[in-house]
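Enquirer: This is the structure I want to talk about, given as structure tokens.
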Amino acid sequence: MTELEQRLAEFADRVAALPPSEELAAAEELVRDALAELGRGRKRRDGGPQREQKLLRQIFRTMPVPVIVMDPSGTVRRINNETTRLLGSPAGYLIGRGFPLLIESSERAAFRAQLSAALRSEESTTFETRLNHQGRTHTVRLVLSRLRMPGEPQEMVAAVALPTEVQLPEPPDRAQAPDEALFLAAARRHELLSRLTRLLLDEESLREPVALIRAARLLAAETADWVIADILRDGVPHRSAVIAPSAEPVARLQRAVEALPPADAPLVAHVLATQSGLIHEMLTDEGLLGDDLLAQMRAGSLLSVPIRTDDEINGVLTLVRLRDRPPFGLADLGLLEEVALHLGLALRAQRSFQRSSNAADALRSGVLPRTLPDIQGFETAAIYHPGSGLRAIGGEFYDVFPMKGGWGFVIGSAAGRGDEAASVTSLVRNGLRVMSVWERDPGAALRKVNDALVAQHTGLFVMAAAGFVRGRKVRLASAGHHPAALLQPDGGVRFTDGGGVPLGFEEGADPATEELTLAAGETLVLYSDGLVGSRSADGAGYGEDRLTEVLARCANQPPAAVVKAIEEDHRAFTGDRIIDEITVLTLRRAR
């Protein structure tokens, strides 16, 4: 009750307490009437507008023509029942979506111009356009009017759609499944993801930093006009790839996109902060990439997702489509999120591979001599190829070293790859050098190296051949290695016995030993399993028979020519597909 009503009531009570009279009765009646009128006025003031609002809402819902209320950006805020009937979608689906997405793509630019005109003018704008939704095409006359509502800070636009023509979809072929289009779209997305996976798992994508640019090119060819990839380095995004439309002269714009720091792009900052993807079916903010790049691109829709693994964010992947193309949808967002996850895993695998490769290179540099020493009375030469396969890291080694009263050599291959194999080969090479100080027989030296390797419990074994040379005599020991080849000056080729137990199998194992006397012009050729065990494209093995033929053609040639001939023949045999490591060591007795 208001203060006035309270005082009037108190006054009425005092009047009622006075002695009765006709004048007092008339005054009391007037006061009571005033109180009643005040009460009725309050009820009208409180309930009247609410009833009017309910009435207006009901009128809006039941209007016999489609009416859409949208904000200045074109986002749908309210629709009536006739709009849902016309478009075939419930209000819950359409509200919050961009109204231009319901307009044929070729007519969207004209709609945006009419919407801007309606917001600037006090008069309504009328124009004809085409709506395309749920398989139906509607030619409508659209009337846009600006709405100014008391108490609302933002103006709205009311759109009345007066259908003039409706094109219904063709009846589906009974023999054709009704969801065939959906199946085809899903199949295309699956095929794109499969192609991307094959691309990222390619060995070259792991060895070289090409995975990102390859993925960007594939996406640009299949599903977008612009593809932009930004990668985090020390927590700061750096622009790593920009793919522009190949059919348009946009080289200057592409350079501008490449030069703009991604940290200045609100879109990149938002995706990194939220760690989630976003989609703009109809772009309304052309500054999302910084400056007015999106306007210069003539961008119509945009997707952006984080490049990530399960536990870290690697960067941001952004796709842009031009205005004359269908906009991105939720299915595209789901596909790109999966693509970005694959890309994040590929980048992590690439970093891991590079770390392993660098470590193996460092270890390999410790087990391969940079140069061969000059040895009086002998010529030497060697080749080593690391191979191109992931398994071809750090397994093979060779060495030539001086020792008391002569010099020694060793060649070997660990039955394993990677950092551990490289460390084991280093142990064998350096251990043999140490043992040569006390042992005059390479077999005894290899036996002690074997016992040390067994004690390490590495689980790896090493096939090795070692020789100690004094004068013309070569004492040769083999621990499971291929037999060495002896090339005669007349072109004849014979092989040593080889054999023995590989190092690391069991304690106390004795290598097979034999003694050779090299005549002038004879060449001892030691080779790894990677050479004779390699295969051609059709699956044929290289083998020792082919090696014999190559050596027979190298009679009286220096060791450097011999290893070059072996190398060239092997390349021809494999078609330059050298998968495994290859090692060849040659020693020739000078005339």
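Enquirer: Taking R0 as 45 Å, what FRET efficiency do you get between Glu544 and Leu341 from their Cβ-Cβ distance, rounded to the nearest 0.05?
Expert: Working from the Cβ atoms, E equals 0.40.
Enquirer: Accessible area, 1.4 Å probe, largest first: how do Asp580, Asp538, Asp374, Asp292 sort? Spell out each step's value before the answer.
Expert: On the way: Asp580 40, Asp538 130, Asp374 160, Asp292 75 Å².
In descending accessible area the options line up as Asp374, Asp538, Asp292, Asp580.
Enquirer: On a full-extension model of 0.36 nm per residue, what is the gain between Thr371 and Ala331, subtracting their alpha-carbon distance, rounded to one decimal in nm? Intermediate results must be reported in sequence, preceding the final value.
Expert: Values: separation 40, 0.36 × 40 = 14.40 nm, distance 5.98 nm.
Additional length available on full extension: 8.4 nm.
Enquirer: Let me check I've understood the local charge: for Leu587, count other residues with C-beta under 14 angstrom from its C-beta, Lys and Arg +1, Asp and Glu -1. What total comes out?
Expert: After counting each charged neighbour, the total is +2.
Enquirer: Want the number for Asn430 to Asp264: 0.36 nm per residue separation, take away the alpha-carbon distance, what's left?
Expert: On the way: separation 166, 0.36 × 166 = 59.76 nm, distance 5.48 nm.
54.3 nm is the gain from fully extending Asn430 to Asp264.
Enquirer: Could you tell me whether the range 546-591 comes out rounded, prolate or oblate from its Cα gyration tensor? Rule is a ≥ b ≥ c as square roots of the eigenvalues, rounded for a/c under 1.5, then prolate if a/b exceeds b/c, otherwise oblate.
Expert: prolate
Enquirer: Over the range 226-308, what is the mean sequence separation of C-alpha contacts under 8 Å (at least six apart), divided by residue count, expressed as relative contact order in percent?
Expert: Values: 107 pairs, mean separation 19.4, N = 83.
Rounded, it is 23 percent for the range 226-308.
Enquirer: Give me, ordered by chain and number, the residues 5 or more places off Thr223 or on other chains with an amide H under 5 Å from its own placed amide H.
Expert: Under 5 Å from the amide H of Thr223: no residue qualifies.
Enquirer: Would you tally the net charge around Gly500, using a Cβ to Cβ cut-off of less than 13 Å, leaving Gly500 out, and scoring K and R as +1, D and E as -1? Mind dumping the intermediate values first?
Expert: Values: positive: Arg447; negative: Asp497, Glu506, Asp510, Glu514.
So the surrounding residues net to -3.
Enquirer: Is the range 448-577 rounded, prolate or oblate when judged by the Cα gyration tensor, a ≥ b ≥ c being the square roots of its eigenvalues, rounded requiring a/c under 1.5 and prolate requiring a/b larger than b/c? Don't skip to the end; give the middle numbers.
Expert: Details: a/c = 2.70, a/b = 1.29, b/c = 2.10.
Oblate, since a/c reaches 1.5 and b/c is not below a/b.
Enquirer: Just to be sure I understand the model, the point goes 7 Å from the Cα along the line to the Cβ. What's the resulting Thr197 to Glu568 distance in nm?
Expert: According to this spin-label approximation, the distance is 4.5 nm.
Enquirer: Between rounded, prolate and oblate, where does the range 429-485 land on the alpha carbon gyration tensor, with a ≥ b ≥ c its root eigenvalues, rounded for a/c under 1.5, else prolate if a/b exceeds b/c? All intermediate terms of the calculation are to be shown ahead of the outcome.
Expert: Working: a/c = 2.98, a/b = 1.45, b/c = 2.06.
Judged from the Cα gyration tensor, the range 429-485 comes out oblate (a/c at least 1.5, b/c at or above a/b).
Enquirer: Pairs of Cα atoms under 8 Å, at least six residues apart: use those to get the relative contact order of the range 204-347, whole percent. Don't skip to the answer; put the middle values down first.
Expert: Details: 256 pairs, mean separation 33.5, N = 144.
Computed over the range 204-347, the figure is 23 percent.
The values are calculated or read from the model by the stated rules, or taken from the named source; none is laboratory data. Computed from a predicted model, the values in this text were never measured in an experiment. All Cβ positions, glycine included, derive from the backbone under ideal geometry; neighbour counts span all protein chains shown. Just the protein is used for accessible areas: all its heavy atoms, side chains included, with ligands, DNA and RNA removed. Shrake-Rupley method; radii C 1.70, N 1.55, O 1.52, S 1.80 Å.
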